[in-house]
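What follows is a set of notes on a single structure, which appears directly below.
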Amino acid sequence: MSYTATKNAEDRPIIAWLLASNEPWVVYNTLRDLVGTSPGDVEVQAAYAALQQHPAVQELYEAVEVWPPEKPLGRAYDPKDSIWKLATLADFGLRRNNERIAALAEHVFAVQAEDGGFLHGGFDHTKSWHTRPYECLTHVMTYALARFGYIGDPRLEHAYQQLISWQRIDGGWHPNTLNLPGNAREAEPSCPFGTVNVLRAVGVHPELRTSETAQRGADYILTCWTRRAEPYRPVGFGIGSTWDKLQYPLVQYQLLKTVETLSMLPAVQTDPRYLEMVERINTKQSADGRWRVEGVNKPWSAFDFGQKKEASPWVTFLVLRILRRQN
């Protein structure tokens, strides 16, 4: 059974299950995004307070208090690294009204490069991460700052201008300046992993999410989907069994991350290619209307999405929100 809305009678048991979760990020976001409860509601405020104080969230705070991370990333998609903890705090709904989030945001802004991107002290195969933003990762920080509530801040809008200026001929993004339009390698395909990360930042910007930038970026990712049966692996990123997973945090280039990102863009909601992706997620639903994690990121074992023996409330919430956006 596929849930195409969240207020129908058949949805009530699954919503009740989410609201009964002992993980406040599930309860808070279910109330806000699925039930539609007002931010000022007592239940919402209580869930947000519990979210801020939860021990697992406290550990995430502590992991990102030193920014940029002292230890560079060994690879661009290592779930242990701080950049994904930053993004998870944003996914959970933490806002700048939290003192620790506000302090963290200022640390991130403090390493903003002249062109608007963010220096992150992390992975970069060009070995220049300390002198320029690495396009495939820098806008993970843009996304987080936007979710924290900094849309409209001139510093963040500068980051968005950098993002727009780096879009390539095929609609995607690539970390190498040689691949920019007009340069020697402009005809090479963009990086799907980096493009999805950039589109996450685009999707939370109220103006950009309906822009040509968003539509061109989405079309590149949807083209990758339509070519999945070919030996087509732009920058080494293909669509196969490793990609075809429900996994959280949204680190690797894979099914849930791709569809959750595209779901933020109104232009794709009726695109047959996108609907095929959504249906692929629907095929993974259990008889009781829930979804399980299919790939475990071991550093996240303290969370419900850090195991795959039982259905994950958080992943189930994410899928239901995707379906809600579709409607």
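Any read-out appearing in this document is the output of simple, stated calculations on the displayed coordinates, not a laboratory observation. Computed from a predicted structure; not experimentally measured. When we count neighbours, we look across all protein chains shown, and the Cβ atoms used for this are built from the backbone with ideal geometry, even at glycine.
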Residue under question is residue 196, and the condition is that it be farther than 20 Å from residue 275 by Cα, in a helix (DSSP H, G or I) and touching a residue at least 60 places away in the same chain (Cβ under 8 Å); does it hold?
no
Pairs returned, first residue in the range 58-77 that is over 25 Å from residue 235 (Cβ atoms) and free of Cβ contacts under 8 Å to residues at least 60 places away in the same chain, second residue that is in a loop (DSSP other than H, G, I, E, B) and of a type in the set (Val, Ile, Thr), beta-carbon separation under 9 angstrom, 6 or more apart or interchain, are 67/111
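Residues checked against (1) under 22 Å from residue 248 (Cβ atoms); (2) touching a His at 6+ places or on another chain (Cβ under 8 Å):
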{"position": "23", "(1), (2)": "yes, yes"}
{"position": "27", "(1), (2)": "yes, no"}
{"position": "43", "(1), (2)": "no, no"}
{"position": "60", "(1), (2)": "yes, no"}
{"position": "67", "(1), (2)": "no, yes"}
Hey, among the residues in the range 264-295 that are touching a Phe, Trp or Tyr at 6+ places or on another chain (Cβ under 8 Å) and not in a helix (DSSP H, G or I), which one's surrounded by the fewest Cβ atoms within 10 Å (Cβ to Cβ)?
284
So which residues in the range 220-236 are out of contact with any Gly (no Cβ under 7 Å at 6 or more places or on another chain) and closer than 24 Å to residue 205 by Cβ?
221, 222, 223, 224, 225
Are there any pairs, at least 6 apart or on different chains, whose C-beta atoms fall under 7 Å, with the first in the range 33-48 and touching a residue at least 12 places away in the same chain (Cβ under 8 Å) and the second in a loop (DSSP other than H, G, I, E, B) and surrounded by 14 or more Cβ atoms within 10 Å (Cβ to Cβ), and if so, which?
34/6; 43/37; 44/37
Could you pull out the residue among 250, 246, 256 that is among the aliphatic types (A, V, I, L, M) and either in contact with a strand residue (DSSP E or B) (Cβ under 9 Å, 6 or more places away or on another chain) or outside any loop (DSSP other than H, G, I, E, B) (or both)?
256
